[in-house]
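Below is one structure, written out as structure tokens; comments come after it.
The values are calculated or read from the model by the stated rules, or taken from the named source; none is laboratory data. If you're wondering where the values come from, they're calculated on a predicted model, not measured in any experiment. So basically every Cβ, Gly included, is an ideal-geometry build from the backbone, and we count neighbours across all protein chains shown. With ligands, DNA and RNA removed, areas are computed over all heavy atoms of the protein, side chains included. Shrake-Rupley method; radii C 1.70, N 1.55, O 1.52, S 1.80 Å.
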Amino acid sequence: MTTPERAGTCPAATTGAPAFPFASGPGHPLDVPAEFTRLREQCPVQRVTLPYGGEGHLVSRYADVKQVLSDRRLSRAATVGVDVPRTVREITAPGHLLAMDPPEHTRLRRLVASAFTERSVQRWRPRIQEIIDGLIDDLREQAVAGEPVDLVAHFSMPLPMTVICELLGVPPQDRHYFRRVAEVAFSNGSATSEEMQKVGEEFGTYLYGHIGRLGENPGQDLMSQLIAVRDEDEDRLTEAELISLAGTILLAGYETTAAELSNFVYTLLDQDRWTWLVDHPQHLDSAVEELLRYIALGGGDVLPRLTTQDVEIGGTVIPAGESVIAAMISANRDADIFDDPDVLDLERTHNPHVAFGHGPHHCTGAQLARLELRLALSSLLKAFPDLTLATSAADVPWRKGSLVRGPEKLLLRW
């Protein structure tokens, strides 16, 4: 029987704790840092120096990442209000769904889970397709005299924004506001603490007013349903929790899906796979899952967990009170799980990726995101079979100062 190592005794740790997040290097902006390959093979639990709070532990293998994401001895709630080692300046505030542990997290999640089941999400299919068809018409109108069209501005961003705002009853005239809120919420050092606090307060004020208006004139949207729950029994849902839930769903349901959609199109064009998928539409579902696995939406997983007692992970014992980060982008390239993990295989059949997380904090809106991505990609393939990049891949501008990776603009021709 092998005796577990104490944290920090990994052979790679003898040279000191490397800085994390790792630089992507001179390659492609969506590349997974090569350092993860070495860590999975040699040092699956690596002590690292984080930008804020000191040193923590980076977990890189698939099985170990899933353990971190589901083990209740690793707490998100314990990180709130503490100078815990982390990759971002600000950790989510108390009462936020992402900063809760079961059973509190379970209570709130159940209130919205029914709206995001596969069956419930499929009811949105006709409306989502209608929105997509309208946006494709807009793309065609923008393509005047062969001029390139920006997919980000005219398709990738407005699609999930329209869907999530309709889901929460946000009127069309207010939707532009959330772009700036999302930029600040997902900033990675580009927004100051003061700016984040100011935007957060303004966002809370807006949501408070929006909830008040819907309370007087409820609709068929999810927000109106949640308001009814609050009014029926505040022990199930308080006003503060309602505002936090609404903000989480609005921002998380928009920014990540918008970036992924642009990343999907870019990757297929850059790797000369667009035409293949046009000719093989029967592989659309497996292609979407593979793109979710293959594309590293975030450069480093940003939400740490704190060990509440000694925990053994991957043969290493991490003492109580230590910060742990689960590298999902590394788990999705683990050769023990995925054949040829660094190859984009649109026909991949075994694909248990963790792009949407795992365990209690598995993304609530995963089924909605999948539906949007599938319908959008299918519609674009049919509408624009001859789609090409209007610039060289090297000239595509990428987001800066954001936790979410994706093109800032994606100019296309057809």
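Restricting to the stretch 332-373, count the residues that are modelled with pLDDT of 95 or more, farther than 24 Å from Val32 by Cα and not hydrophobic (A, V, I, L, M, F, W, C).
1
For the stretch 162-179, give me each residue that is outside any loop (DSSP other than H, G, I, E, B) and open to solvent by less than 40 Å² (accessible area, probe 1.4 Å).
Thr162, Val163, Ile164, Cys165, Leu167, Asp174, Phe178
Yes/no per residue for (1) part of a helix (DSSP H, G or I); (2) among the β-branched types (Val, Ile, Thr); (3) open to solvent by 30 Å² or more (accessible area, probe 1.4 Å):
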| residue | (1), (2), (3) |
| --- | --- |
| Leu207 | yes, no, no |
| Leu214 | yes, no, no |
| Gln225 | yes, no, yes |
| Arg230 | yes, no, yes |
| Leu237 | no, no, no |
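In contact with a helix residue (DSSP H, G or I) (Cβ under 8 Å, 6 or more places away or on another chain), within 30 Å of Ala394 (Cβ to Cβ), open to solvent by less than 50 Å² (accessible area, probe 1.4 Å) and in contact (Cβ under 8 Å) with a residue 60 or more places away in the chain - does that describe any residue in the stretch 239-247?
Taking every residue of the stretch 239-247 in turn, none turns out to be in contact with a helix residue (DSSP H, G or I) (Cβ under 8 Å, 6 or more places away or on another chain), within 30 Å of Ala394 (Cβ to Cβ), open to solvent by less than 50 Å² (accessible area, probe 1.4 Å) and in contact (Cβ under 8 Å) with a residue 60 or more places away in the chain.
Taking the options Leu403, Leu412, name whichever one is under 17 Å from the mean Cα position of the chain (by Cα) and among the hydrophobic types (A, V, I, L, M, F, W, C).
It is Leu403.
Just for strands (runs of 3 or more DSSP E) wholly inside the stretch 252-371: which have at least 1 residues that are open to solvent by 20 Å² or more (accessible area, probe 1.4 Å) and either at negative phi or in contact with a Cys (Cβ under 6 Å, 6 or more places away or on another chain) (or both)?
Counting at least 1 such residues, we get 305-307, 311-313, 316-318.
Looking only at residues in the stretch 38-63 that are among the polar types (S, T, N, Q) and over 22 Å from the mean Cα position of the chain (by Cα), which one is farthest from Ser330 (Cα to Cα)?
Thr49
Look through Tyr254, Tyr266 and report the one residue that is more than 13 Å from the chain's Cα centre (by Cα) and touching a residue at least 12 places away in the same chain (Cβ under 8 Å).
Tyr266 is the lone residue from the list that is more than 13 Å from the chain's Cα centre (by Cα) and touching a residue at least 12 places away in the same chain (Cβ under 8 Å).
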